[in-house]
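Colleague: I'd like to ask you about the structure that follows.
The values are calculated or read from the model by the stated rules, or taken from the named source; none is laboratory data. Owing to the predicted nature of the structure, the values given are computational and were not obtained by experimental measurement. When we count neighbours, we look across all protein chains shown, and the Cβ atoms used for this are built from the backbone with ideal geometry, even at glycine.
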Amino acid sequence: MQGKTVASTAVENQTYKVFPNDLNTNGTVFGGLVMSILDRVALVVAERHSEHICATVSVDALHFLTPAYVGEILIFKGSLNRAWNSSMEVGVRVVAENFKTGEHRHVVSVYFTFVALDENNSPTQVPPVIPETKLEKLRYEDAGHRREARIKQAKERKERHLGS
Ligand SMILES: CC(C)(COP(=O)(O)OP(=O)(O)OC[C@H]1O[C@@H](n2cnc3c(N)ncnc32)[C@H](O)[C@@H]1OP(=O)(O)O)[C@@H](O)C(=O)NCCC(=O)NCCS
């Protein structure tokens, strides 16, 4: 299967303008809204790469670093870090832009794992990814370590459930 570059499937600058109905009771952007857009952006990357329908199988810990406010612009950037057999890790970063001052703040970054599905909804092979830049190569390496940790945790969860 022919590999694909990271750039060929990346979501570069998906913007979302924050309106008053996007806020929580605290007056800042509702985290669930951001999570939903994150999942969609990551899904676009996974489906572009695999050319299959994909399912979200896992989301790593998600830490909101700073609030975002009404009127600001959220900018989502997503790219494929690594692909294995049927699964892929996609990283998405969100920054908030204040268009008046030009200030950019890092709001959240997260790693999603997707599985590509065939016509029977069974996992199916995906192409390898070709990391080109220094940063893409670093992300590729780091994704390998994260996958090991996820698989270990999934195995432990399964054993706990079987034991109960
Ligand atoms: C996606 C799904 C079909 C995969 O089925 P499965 O029986 O887990 O398949 P497998 O065990 O063969 O795993 C498939 C791949 O997922 C990976 N995987 C499974 N669980 C994982 C986890 N918790 N974290 C990371 N990767 C995981 C496996 O390592 C494997 O990767 P590889 O093919 O690249 O080696 C199934 O888990 C599913 O339907 N999950 C629900 C998905 C869903 O509904 N998402 C929306 C949430 S509302």
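Colleague: Against the definition (modelled with pLDDT of 95 or more, within 13 Å of the ligand (Cβ to nearest atom) and either outside any loop (DSSP other than H, G, I, E, B) or closer than 16 Å to GLY3 by Cβ (or both)), how does GLU136 come out, yes or no?
Modeller: No, not satisfied.
Colleague: With respect to PHE64, determine if the residue is of a type in the set (Phe, Trp, Tyr), more than 15 Å from the ligand (Cβ to nearest atom), over 25 Å from SER122 (Cα atoms) and in a strand (DSSP E or B).
Modeller: no
Colleague: Please list, ordered by first then second residue, the pairs with beta carbon atoms under 6 Å, 6 or more apart or interchain, first in the stretch 17-28 and closer than 16 Å to VAL94 by Cβ, second of a type outside the set (Val, Ile, Thr) and assigned to a helix (DSSP H, G or I).
Modeller: Matching pairs, first to second residue: ASP22/LEU33.
Colleague: Among (1) in contact with a helix residue (DSSP H, G or I) (Cβ under 9 Å, 6 or more places away or on another chain); (2) assigned to a loop (DSSP other than H, G, I, E, B), which single condition is ASN121 missing?
Modeller: For ASN121, the failing item is (1).
Colleague: If only one of THR9, THR66, THR56 is surrounded by fewer than 16 Cβ atoms within 10 Å (Cβ to Cβ), closer than 26 Å to ALA149 by Cα and of a type outside the set (Gly, Ala, Ser), which one is it?
Modeller: After applying the criteria, what remains is THR56.
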